[in-house]
Structure formats: structure tokens, C-alpha cells
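Visitor: Below is a structure I'd like to ask you about.
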Amino acid sequence: MTVPIFELPDELRLSLITKQFPCREPQIRALATLLNPSSAPCRNLVVYGTEATGKSAITTALLASLDGDSFKHAIVNSIECITARHLYETVVGKVAAAVEWEAVAPRCESVSQLTVELSKMLRYTKRPDGFRFVLVFDGIDHQREAPHTLLPALARLSEIIPSLTTLFILTSPPPNKLLTTFTPNLHFPTYTKPEFITILSLSPPPPITPSTTPTETLDLYTRFLSALHDSLSRPASRTLPSLTQASRTLWPKFIQPILARTHTVKEFSKLIVLARVHFQDESLLDPTLSLSPPTTTTTPNPTIKTTDLATLLPTTARFLLLSAYLASHNPTKSDLTLFSTFHHGRKRRRGGFTGGRARKNGSQHRKIARKLLGAHAFVLERMLAIFMAVRTEWDPASGGRIKNGIVEGEQGLDNDIYMSIATLASLRLLVKVGGGGDVTDLGGKWRVAVGWEVVRGLGRSVGVEVEEWLVE
């Protein structure tokens with residue numbers, strides 16, 4: 001009797017997995033065809049998709065159903081491996097456990113040693129005809145301390161061991177990741193709205209009241225899921241677990257008017273209006289983020305705003321932001337006049353210094369104040385020089401000098417000014433021009449991203465009139 005070259009996967013096994021994971025039948029059938037030894041097994045396979053799309057769960061269930069004498073598998077969770085060496089030794093240990101290898105697995109520090117150990121267990125050991133071993137690397141793109149040649153090296157294992165299929169589960173595969181010829185790629189897309197509703201409707205809640213039929217409860221629950229998806233899925237929840245958690249939390253609140261007998265099951269529009277506040281609350285996606293009410297009653301101070309930068313930023317960060325504003329709005333040629341201690345002019349009420357005689361009356365032109373113009377880019381070294389020049393005047397309690405980015409002083413200012421610069425950059429109060437680069441690069445260009453009103457209030461919080469330090 002002639003043995004067929006190609007056989008489709010067993011429909012009974014596929015039907016069981018399809019019922020377990022609905023709305024994923026095309027991916028299940030394609031994965032079974034590419035892994036089944038009697039169908040169309042491949043050397044390397046890439047399974048990719050966003051989080052919570054069923055990649056790992058479906059792969060695990062399918063491999064467990066195919067497991068037998070002529071088919072073995074091992075799944076390695078790369079996130080649990082600290083280093084590349086840890087990954088290699090984990091692979092050797094799990095493969096040895098899957099094929100019941102009795103010898104003690106030695107230390108494995110490189111891909112070459114990994115190839116030798118896998119060849120001993122899979123290639124040079126007698127196995128049944130048509131034997132196939134599937135090695136799964138789950139989350140290999142999140143492997144810590146991984147060399148840049150890790151993926152291409154692992155993809156070469158199937159070329160040395162013919163009975164091996166290497167399966168990579170990734171979130172976002174980079175282009176030309178394996179550096180090999182054509183490799184099958186299987187995409188697990190994000191669930192759509194009808195698929196969300198179908199999956200969640202498979203486990204409906206019990207009847208709301210004794211007089212409510214299961215059909216009425218299912219119909220109301222389906223419409224409730226549709227409204228929940230429209231209100232929470234796009235702005236906040238894009239995964240099936242988070243939407244499931246939100247539905248379980250919101251459903252008791254949604255049916256509360258029905259339990260109070262003020263509304264019926266068929267009054268869906270009125271129920272939506274009553275539960276509108278809950279549908280707009282994104283804290284339902286993570287109940288641990290909800291804040292508990294305070295236990296003691298305190299009288300709030302109306303003069304203090306918790307969102308004011310003067311109350312949120314430390315002293316050094318405030319002074320650095322003021323220095324950045326001066327560097328961004330004052331011309332470079334005026335720095336020596338404004339901030340040098342060897343000037344010979346007198347300080348005016350509004351901005352800058354005048355040197356010597358007053359300007360004769362002549363043709364005067366009205367100019368726009370520099371504080372009303374856009375911010376210009378400045379070099380970080382210039383901002384630090386301005387900070388060094390004015391900090392002793394703005395904060396007389398501080399003393400010392402700057403050395404290697406550290407303020408040497410006894411009190412008044414924070415110690416590490418680079419940490420304050422990083423804080424301002426993370427809050428988008430200072431923006432690095434051109435992007436990238438090191439924060440500590442003195443030649444890097446920056447731009448202040450706050451307006452005049454914010455800077456004036458910030459300066460007054462530390463007793464500084466910023467307007468006196470601006471050149472008109």
C-alpha cells in the first residue's frame with residue numbers, strides 16, 4: 001500500500017482546539033499544517049502578533065495534541081532566561097527531558113556547544129521513522145543580553161539537524177531577522193469587535209432575575225458588550241483579558257436598575273444612560289489603580305495647586321528651567337553683560353544693563369518683546385554657565401562650584417544637576433533638538449518648552465523676577 005506524501009491534520013484534534021480558542025480557526029489550521037510531520041513541516045516558522053492574541057496558548061495546545069512517539073516538542077520561555085548562556089542551558093535541559101535523555105547535560109556557553117548537544121540527542125540517536133521535534137522559543141525578541149547573531153544562529157540549527165523545526169514567537173519581528181531564505185510567517189491579528197463579542201458571549205452571566213429567560217439575558221449581555229467595546233476598547237483596552245475584566249466589573253453595576261425593579265431587561269437605552277458614568281471610567285480596566293477615599297477630612301488650601309510646577313519641581317530643577325528660559329530668549333552676545341561680575345553698567349528695571357551714556361533721542365522703533373517670541377535653541381554648556389552665574393544670587397544659601405556635573409555645596413540645592421536635567425526632559429519641559437544623544441553632552445542643543453506665564457510664576461516661587469534678567 002502506497003503511503004501518501006501529504007496528509008491533512010486530524011480534524012478531530014483541530015475541532016477540539018478550535019472550540020477551545022474561537023475565532024482563530026485559520027491560524028490553527030495553518031499552524032497544524034506547518035508542524036504536523038505528515039503534512040508540510042518546515043525548518044523554521046515565525047509566529048508573530050501583538051500581546052494577548054493567543055499565540056503562545058494556541059501553540060502550546062496544538063503541540064500537546066500532536067505529541068506522540070514520533071513527535072516531541074519543547075517550549076522555552078525566553079523572558080525567564082537571564083542571559084544567553086542561561087537560554088542555551090535551558091534549551092538543552094528541556095530537550096533532554098522531552099526525549100528522555102538519560103545523560104547529564106553539560107554546561108553550554110555558546111551556540112556551537114548547543115548545536116553539539118542537540119545533535120547528540122536528536123540526530124545521532126536512533127528515532128522512529130518520520131520523527132519530528134519542534135523547539136519553540138517564546139518571546140525570543142525580549143531575550144536579555146542576547147547577541148545580535150542569536151536569531152540567525154538558532155535558525156541554522158534546523159539545517160544541521162534535519163528532524164528539527166524551530167518556531168519563534170515574536171511580538172514585532174524585525175526585517176530580515178533570520179538571515180535565511182524564505183521562512184513561513186504566521187500572523188495572529190488583533191481581535192475585531194465581532195470576535196470580541198463572540199468570545200465573551202460564550203460564557204454569559206446567569207439570568208438576572210427569576211423571571212428573566214436565558215435568551216433575554218444573552219441578548220442584553222451581547223448589546224452590553226458592544227457598548228463596552230465602543231467606549232473602552234479604542235481609547236484604553238485593546239486586549240481580550242482587559243476587556244473581560246472590565247465586563248465582569250461593569251455588568252453588576254449595569255443591571256443594578258433591573259434588580260431594583262425600576263427598569264426592565266428590554267429598556268437597554270435607559271440602562272445605558274444610567275450607566276454612562278461607569279462606561280467613561282477607564283479605571284475599570286485595572287481595579288488596583290482606583291484610589292480609596294481619605295479616612296480623615298482636611299480643609300484644602302485654595303492657594304496651593306498640586307499641578308503647579310513650583311510645588312512639583314525641586315529647587316535645582318526650578319533654577320535650571322529658569323536658566324534654560326534665559327538661555328533660550330536672551331541673545332548670546334548679552335551673556336557677558338548680564339551674568340558677568342566684571343560689568344561696568346547699571347542694572348535697569350526691565351532687562352539688561354546699560355553701559356556708559358544714555359542713548360540719544362533719535363528714531364525709535366517699536367520692537368516685540370523677546371519673551372513673546374518663540375524659544376530659540378541653546379547649547380547645554382551655555383545653560384549650565386548661566387546656572388552657575390546666577391545660582392548664588394538666586395539662592396544665597398548655596399555655596400560651592402560645579403565639578404563633573406555635581407554641585408558641591410552644603411545646602412539649598414540638590415546635588416546632581418544632571419538628574420534634574422533628565423527629569424525636566426522626561427516631563428517635556430526641556431526638549432532636545434534633533435532627538436537622541438546623551439543628556440550629559442555639553443554640546444547638545446536644547447529648547448525650553450514652557451511659556452512666559454509659567455516661567456514668571458516659577459521664578460516668583462523662588463523669589464526671582466525673571467523679567468529683570470531678560471534683554472528687551
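The values are calculated or read from the model by the stated rules, or taken from the named source; none is laboratory data. On a predicted model such as this, the values are computed, not experimentally measured, just so you know. Here the Cβ is made from the backbone with ideal geometry for all residues, glycine too, and neighbour counts use every protein chain on show. For accessibility, only protein heavy atoms count, side chains too; no ligands or nucleic acids. Shrake-Rupley method; radii C 1.70, N 1.55, O 1.52, S 1.80 Å.
Visitor: Within the range 41-140, which strands (runs of 3 or more DSSP E) (wholly inside it) include 1 or more residues that are polar (S, T, N, Q)?
Guide: Values: elements: 44-48, 71-77, 132-138.
It comes to 44-48, 71-77.
Visitor: I would also like to ask the following. Looking at the range 152-166, which of the residues that are free of Cβ contacts under 8 Å to residues at least 60 places away in the same chain and open to solvent by 10 Å² or more (accessible area, probe 1.4 Å) is nearest to the chain's Cα centre (by Cα)?
Guide: First, the residues of the range 152-166 that are free of Cβ contacts under 8 Å to residues at least 60 places away in the same chain: 152-154, 156-157, 160-163.
Those left that are additionally open to solvent by 10 Å² or more (accessible area, probe 1.4 Å): 152-153, 156, 160, 162-163.
Values: Pro152: 26, Ala153: 28, Arg156: 31, Ile160: 37, Pro162: 39, Ser163: 38 Å.
Per the stated criteria, the residue is Pro152.
Visitor: So, one more: For the range 253-281, enumerate the residues that are in contact with a Phe, Trp or Tyr (Cβ under 9 Å, 6 or more places away or on another chain), part of a helix (DSSP H, G or I) and closer than 15 Å to Thr212 by Cα.
Guide: Phe268
Visitor: Condition first: open to solvent by 50 Å² or more (accessible area, probe 1.4 Å) and assigned by TED's automatic domain parsing to the domain that holds Ser39. Can you find one or more residues in the range 130-137 that meet it?
Guide: Looking only at the range 130-137, we keep the residues that are open to solvent by 50 Å² or more (accessible area, probe 1.4 Å), and these are 130.
With the extra rule that they be assigned by TED's automatic domain parsing to the domain that holds Ser39, the set shrinks to 130.
Checked against the condition, which is being open to solvent by 50 Å² or more (accessible area, probe 1.4 Å) and assigned by TED's automatic domain parsing to the domain that holds Ser39, the range 130-137 yields at least one hit.
Visitor: Has the range 413-424 got at least one residue that is in contact with a Lys or Arg (Cβ under 9 Å, 6 or more places away or on another chain), modelled with pLDDT under 85 and surrounded by fewer than 13 Cβ atoms within 10 Å (Cβ to Cβ)?
Guide: Scanning the range 413-424 turns up no residue that is in contact with a Lys or Arg (Cβ under 9 Å, 6 or more places away or on another chain), modelled with pLDDT under 85 and surrounded by fewer than 13 Cβ atoms within 10 Å (Cβ to Cβ).
Visitor: Is it fair to say Ile169 is aliphatic (A, V, I, L, M), open to solvent by 30 Å² or more (accessible area, probe 1.4 Å) and either at pLDDT 90 or above or closer than 22 Å to Leu62 by Cα (or both)? Quick ask: steps written out before the conclusion?
Guide: Working: aliphatic (A, V, I, L, M): yes; open to solvent by 30 Å² or more (accessible area, probe 1.4 Å): no; either at pLDDT 90 or above or closer than 22 Å to Leu62 by Cα (or both): yes.
No; evaluated as a whole, the condition is false for this residue.
Visitor: Scan the range 4-23 and report the pairs whose first residue is closer than 15 Å to Leu63 by Cα and whose second residue is open to solvent by 70 Å² or more (accessible area, probe 1.4 Å), with Cβ atoms within less than 6 Å and a gap of 6+ or a chain change.
Guide: Sorted first by the residue in the range 4-23, then by its partner, the pairs are Thr18/Glu25.
Visitor: Which of the residues spanning the range 315-365 are hydroxyl-bearing (Ser, Thr, Tyr) and modelled with pLDDT under 50? I'd like the intermediate steps shown before the answer.
Guide: Step one: of the range 315-365, the residues hydroxyl-bearing (Ser, Thr, Tyr) are 315-316, 323, 325, 328, 332, 334, 337, 340-341, 354, 363.
Correct list: Thr354, Ser363.
Visitor: Quick one: Ser172 ticks every box in (1) under 19 Å from Ala74 (Cβ atoms); (2) of a type in the set (Gly, Ala, Ser); (3) part of a loop (DSSP other than H, G, I, E, B) except a single one, so which number is it?
Guide: So Ser172 meets the others, but not (1).
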